Amino acid sequence: MKLKDTSYGDMTGKRIHDNIVIRKQGLTSLEGAPADCMGFFDVSYNKLTTLKFAPAECLKDFDCTDNQLEDLVGAPAFVGGDFNCFGNKLKSLKGAPKEVFGCFNCSENPTLKNVMDEIMKNGIVANTYITDEHGLINFKDIKEEFESYHLRTSVKSKGFRTLLGLKNEI
């Protein structure tokens, strides 16, 4: 079932100010999702294999827990609350949000290995992280390593560097 076929209807291209909660509905596609969600966006406990068509931004929590995702391609770039993707079949964090103002929870993904490397490689900045390999991690505890990694790999995006609080010269 596509999101546009639920009681929410087709929200393509719209900015929605309400919470969107579609749990345990057998959802297989986010087609019809809004462009931006100002509330919670919860599509947990469904049958999603992709986050294609997800909102570009979610100002509160984004929850895609317990689906069949192998990566996060299509996820919002910005999440103002928590981003929950635990209980999937993730092999990589490719496509994950670049900014999560709350907790990034990618635990309970048995095929996801080297999670810290995935976080660094995919440039995921969150207040905290929850992983199976490391438990709870605060960004302030990995900030120096994160900055060093991205300076070594020549991340020069002004917005990204501003987010990290880095000077603009390299």
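Some points to look at:
- On the stretch given as the stretch 113-127, residues that are touching a helix residue (DSSP H, G or I) at 6+ places or on another chain (Cβ under 7 Å) and either of a type outside the set (Gly, Ala, Ser) or under 18 Å from residue 64 (Cα atoms) (or both) total 4.
- Residue check, residue 29 among the polar types (S, T, N, Q), without any contact (Cβ under 8 Å) to a residue 40 or more places away in the chain, open to solvent by 60 Å² or more (accessible area, probe 1.4 Å) and out of contact with any Gly (no Cβ under 6 Å at 6 or more places or on another chain): no
- Residues of the stretch 80-113 that turn out to be crowded, with 21+ Cβ neighbours inside 10 Å, assigned to a loop (DSSP other than H, G, I, E, B) and under 8 Å from the mean Cα position of the chain (by Cα), as a count: 3
- Condition broken by residue 122, with the remaining ones in (1) within 20 Å of residue 28 (Cβ to Cβ); (2) within 13 Å of the chain's Cα centre (by Cα) satisfied: (1)
- Of all residues in the stretch 32-44 being in contact (Cβ under 8 Å) with a residue 40 or more places away in the chain and out of contact with any strand residue (DSSP E or B) (no Cβ under 6 Å at 6 or more places or on another chain), the one that is surrounded by the most Cβ atoms within 10 Å (Cβ to Cβ): 43
- Residue satisfying condition, being touching a residue at least 12 places away in the same chain (Cβ under 8 Å), on the phi > 0 side of the Ramachandran plot and either assigned to a loop (DSSP other than H, G, I, E, B) or over 17 Å from the mean Cα position of the chain (by Cα) (or both), within set 47, 24: 24
The values are calculated or read from the model by the stated rules, or taken from the named source; none is laboratory data. This one's a predicted model, so the numbers in the text were calculated from it and none came from an experiment. Because the Cβ atoms are built from the backbone with ideal geometry, glycine has one as well, and the counts that use them run over all protein chains shown. The accessibility values were calculated without ligands, DNA or RNA, using every heavy atom of the protein model including side chains. Shrake-Rupley method; radii C 1.70, N 1.55, O 1.52, S 1.80 Å.
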